[in-house]
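Everything on this sheet refers to the single structure shown next.
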Amino acid sequence: MKTIDLISKLKPQHRARVLNNSTAKDLERDCTDLAEAVALSFVWSTSPEGSPYWTDVCGQLTSGEYTFTEEESKERESPLPTDAAERKTYPIFSGCINYFPNAIAAVSHLSYKGSQQHHPDQPLHWDKNKSSDELDALMRHMIDGDWEQVAWRALANLERKLTGHCQYEKAIDKSTNK
């Protein structure tokens, strides 16, 4: 994925600083994840923010601690296209929810139970710091026949891949054979 595409997923203040420090050539590089995009988009030591600032940002990105406030989340780009005709090619209800209502209900309930187990005094949320070995965990659950957990881990891995936080980016992608 191009650096510029990944950089668009940063918080507004970080995105603006990366863009100010980068050249057009830097932003055309291919990167596997958001942390790599930030790391390769410019020389940190020559930026006004300095290396410690960017080391902290990349550390948060790689550890899964890079989170958005509610206000920042509102400013983020939607995963859906903005073009009206293209939006119709994402039939979320009829192409997913309607196909798998029982499976989605089971995975949703598993999310609730997991949140209660790990954070009983907090609202439902995915603590991405707890575990990021989605494919290894998925395989363990597959061997055990825990299908709700298999589905949850598959969705978690896909979400991490689509948002540039997948630890398995170096694995061969069957769609591109790379």
*Would a scan of segment 49-68 turn up a residue that is open to solvent by 70 Å² or more (accessible area, probe 1.4 Å), modelled with pLDDT under 80 and closer than 22 Å to D127 by Cα?*
yes
*asked:* Any residue that is part of a helix (DSSP H, G or I) and either over 29 Å from A39 (Cβ atoms) or free of Cβ contacts under 8 Å to residues at least 60 places away in the same chain (or both) - is there at least one of those in segment 118-126?
replied: yes
*Looking only at segment 47-70, count how many residues are without any contact (Cβ under 8 Å) to a residue 24 or more places away in the chain and on the phi > 0 side of the Ramachandran plot.*
1
*If you scan segment 93-108, which residues turn out to be free of Cβ contacts under 8 Å to residues at least 12 places away in the same chain and either hydrophobic (A, V, I, L, M, F, W, C) or part of a helix (DSSP H, G or I) (or both)?*
F93, S94, G95, C96, I97, F100, P101, N102, I104, A105, S108
*(1) at pLDDT below 85; (2) outside any helix (DSSP H, G or I); (3) within 23 Å of the chain's Cα centre (by Cα): which one isn't true of Q13, the others all being true?*
(2)
*Within segment 21-38, track down each residue that is more than 19 Å from L162 (Cα to Cα), in contact (Cβ under 8 Å) with a residue 12 or more places away in the chain and not hydroxyl-bearing (S, T, Y).*
N21, D26
_Unmet criterion (only one of (1) open to solvent by 90 Å² or more (accessible area, probe 1.4 Å); (2) of a type in the set (V, I, T); (3) more than 30 Å from V18 (Cα to Cα)) for V107_ = (1)
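The values are calculated or read from the model by the stated rules, or taken from the named source; none is laboratory data. Nothing here was measured: the structure is a model prediction, and the numbers come from that model. Note that we place each Cβ from the backbone using ideal geometry, even for glycine, and neighbour counts take in every protein chain shown. Surface areas here come from the heavy atoms of the whole protein model, side chains and all, with no ligands, DNA or RNA. Shrake-Rupley method; radii C 1.70, N 1.55, O 1.52, S 1.80 Å.
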